Amino acid sequence: MIQSMTGFGKYVVQLPTKKITIEIKSLNSKSIDLNARMPSSYREKELELRKLIANSLQRGKVDFSLYLEFTGDATSAQVNETVVRQYMKQLKAIADGDELKLLEMALRFPDAMKTDKEDIDEDEYAEILKVLKGALDEINTFRSEEGSVLEKDFLERIASLQQLLASVLEMDPDRQATIRERLEKAVQDVKVEVDANRFEQELIYYLEKYDITEEKVRLANHLDYFTKTLQSDDSNGKKLGFISQEIGREINTIGSKANFAPMQQLVVQMKDELEKIKEQMLNVL
């Protein structure tokens, strides 16, 4: 079953003093392209978190956000009292003013607040990993649901291509008869005597040049292979993309050999269906 590369997952857990929120969203990309936003206190765990996300999502342009919201009394930020008093003293020496106003100005200066770097709490990090797993489960569920929609669309378009191919098969005898008649008329218009056996040999040669039997067989096989790959256990967008290219080659060859307007019209319809498949294929994992 295929998966889309488009998805969104969000998971939240409430701890005694903090609320942890993780959001993950992804769009299509040829490889994994991960952008991570998290508190600086957890930067040392970034590589580990990136690896977990990459292993789960495999491909896509991914935005990962980790939010920590303090909901209790605990906080790691404190006023750097010594520095603030020095700022206020210097400001007062420049221009005497209200103490509250001087304090307000001093707090805006560098190093007015200090943050003690805390070691990562392993219990809290374990909760973060649980939240990450929940968010990844959500985004993968989203991707699978989107993949089901894509799969339905692909099956309908492959069925349409098979119907068009059946019309090509049905039309081919008339096409060959028309080409033969056209060649015979061209010789008659020249109004010269020709050797009947030699003419028949040349006629067979030209008809073989326009023969599309091999292309019809290969195209039918490619369409069947696309369907089987689509319904396999793994989502393999790259493989489906390669099969789509082979389908396109056979359709193009049929079109170049057709030399018959009604069949070329069918080829145009086939190209249109295939182009829609290729557009959607860009979003398959």
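The values are calculated or read from the model by the stated rules, or taken from the named source; none is laboratory data. All values reported here derive from a predicted model rather than from experimental measurement. Every residue, glycine among them, receives a Cβ derived from its backbone with ideal geometry; neighbour counts consider all protein chains shown.
Here are the numbers for the structure shown:
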read-out: The lone exception for Ile20 - which of (1) in contact with an Asp or Glu (Cβ under 7 Å, 6 or more places away or on another chain); (2) surrounded by fewer than 14 Cβ atoms within 10 Å (Cβ to Cβ) it fails; value: (2)
read-out: Some residue of segment 68-76 being closer than 15 Å to Val131 by Cα, over 28 Å from the mean Cα position of the chain (by Cα) and at pLDDT below 90; value: yes
read-out: Segment 22-42, residues that are among the charged types (D, E, K, R), free of Cβ contacts under 8 Å to residues at least 40 places away in the same chain and part of a strand (DSSP E or B); value: Asp33, Arg37
read-out: Scope segment 237-283; condition under 20 Å from Ile32 (Cα atoms), in contact (Cβ under 8 Å) with a residue 12 or more places away in the chain and surrounded by 13 or more Cβ atoms within 10 Å (Cβ to Cβ); matching residues; value: Gly237, Leu240, Gly241, Gln280, Met281, Asn283
read-out: Residues satisfying the stated conditions in segment 1-21, i.e. part of a strand (DSSP E or B) and under 10 Å from Ile139 (Cβ atoms); value: Gly7, Phe8, Gly9, Lys10, Tyr11
read-out: Single unsatisfied condition, Leu107 versus (1) surrounded by fewer than 13 Cβ atoms within 10 Å (Cβ to Cβ); (2) at pLDDT below 80; value: (1)
read-out: Any chance Phe242 is modelled with pLDDT of 95 or more and either in contact with a strand residue (DSSP E or B) (Cβ under 7 Å, 6 or more places away or on another chain) or of a type outside the set (Gly, Ala, Ser) (or both); value: yes
read-out: Breaking point among (1) surrounded by 15 or more Cβ atoms within 10 Å (Cβ to Cβ); (2) under 24 Å from the mean Cα position of the chain (by Cα); (3) not in a loop (DSSP other than H, G, I, E, B), for Lys45; value: (2)
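The rows are residues; the columns are (1) among the charged types (D, E, K, R); (2) under 16 Å from Ser29 (Cα atoms).
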| residue | (1), (2) |
| --- | --- |
| Lys238 | yes, yes |
| Glu250 | yes, no |
| Asn259 | no, no |
| Val284 | no, yes |
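Okay, residues lined up against (1) at negative phi; (2) modelled with pLDDT under 95:
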{"position": "Thr115", "(1), (2)": "yes, yes"}
{"position": "Ala126", "(1), (2)": "yes, yes"}
{"position": "Asp153", "(1), (2)": "yes, no"}
{"position": "Gln162", "(1), (2)": "yes, no"}
{"position": "Ser167", "(1), (2)": "yes, no"}
{"position": "Thr178", "(1), (2)": "yes, yes"}
{"position": "Lys191", "(1), (2)": "no, yes"}
